[in-house]
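Note sheet for the following structure.
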Amino acid sequence: MKSMVDLSHEFLKPVLHKQAICVDATLGQGKDTDFFLSQNVHKVYGFEIQRDVFESTKERLGNQRTCFFHVGHEHMEEYIHEEVDAIIFNFGYFPQGDPKITTQSSSSVSAVRQALNLLKVKGRMALVMYPHDTGKEEAICVEEFLKTQTTIQVQKVQNLLVDHCPYLLLIEKRR
């Protein structure tokens, strides 16, 4: 079976084109940015809070089609001033980084709210949720927020046979 990240990429592909504007809201090592760039999109914005991870990814992937910021994703509206075609989040912590540095419920809900504001009509967003100890509360908060939104469609993809494994929330903006 495909991973949740692979499934998220498949979901986002139909909205990616040469003029597409994309957001990698949890930059990490830039695997999602790599994916966006491989689809020949126009621009990728990326957000990362861990300085060393940010610097190494910026060095490896920084070019005229990328704009990376060493700030939390909850600040994306301060840095992005155009409509966006595709957004991806991988919540939780960076596996090769400090496991004490994780995404948090309040900042994650704020980031998802801002992402929805930036998303074009028919734009798509993929949220990969990791319901580890702190991630479980975060996942619940993000889902509860999404349930209040009337301009989107949301599908949840998960493995029913394994508890606490990553799952995917697929979002398309309707209006």
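Each reported figure results from applying straightforward, stated rules to the coordinates on display, with no laboratory input. What you see is a predicted model, and the numbers here were worked out from it, not measured in a lab. Using ideal geometry, Cβ is built from the backbone for each residue, glycine included, and neighbour counts are taken over all protein chains shown.
Largest GNM mean-square fluctuation across LEU118, LEU127, LEU161, computed for the chain with C-alpha springs under 10 Å, falls on LEU161. Annotation: lysines with alpha-carbon distance below 20 angstrom to LYS156 (same-chain offsets under eight excluded): LYS2, LYS13, LYS122, LYS136, LYS147, LYS173.
Net charge of the neighbourhood of GLU59, taken over other residues with C-beta under 15 Å away and scored Lys/Arg +1, Asp/Glu -1, is -1. Here the 3J(HN,Hα) profile of the stretch 13-25, calculated from phi with Karplus coefficients 6.51, -1.76 and 1.60 at θ = phi - 60°, is 3, x, 9, 9, 8, 5, 9, 5, 10, 10, 10, 9, 6 Hz, Gly and Pro shown as x. For the chain, the antiparallel share of DSSP beta bridges with both residues in that region comes to about 45%. Judged by the mean number of other Cβ atoms found within 10 Å, the most tightly packed of the peptides 149-159, 26-36 leads the ranking 26-36, 149-159.
With contacts taken as Cα pairs under 8 Å at a separation of at least 6 residues, the chain carries a relative contact order of 21 percent. With a cut-off of 19 Å on the backbone N, the residues of the stretch 114-131 near the modelled label site 7 Å out from ASP34 along Cα-Cβ are 128. Charge dipole (Cα centre; +1 on Lys/Arg Cβ, -1 on Asp/Glu Cβ; no other charges) of the stretch 109-153 amounts to roughly 400 debye. Near the amide H of CYS67, within less than 5 Å, lie the amide hydrogens of VAL44, TYR45, GLY46, all on another chain or at least 5 residues away, with H placed in the peptide plane. Label separation (CYS165 vs HIS70): 3.8 nm, computed from points 7 Å beyond Cα along the C-beta direction. List ARG113, ARG124 from most exposed to least, where exposure is judged by having the fewest other Cβ atoms within 10 Å. In increasing order of surrounding Cβ atoms, one gets ARG113, ARG124.
Helix content alone sets the calculated 222 nm mean residue ellipticity of the chain: runs of n ≥ 4 DSSP H residues at -39500 (n - 2.57) each, divided across all residues, give -10500 deg cm²/dmol.
As a rough guide to protection, the peptides 142-148, 45-51 ranked by mean Cβ packing within 10 Å, highest first, stand as 45-51, 142-148.
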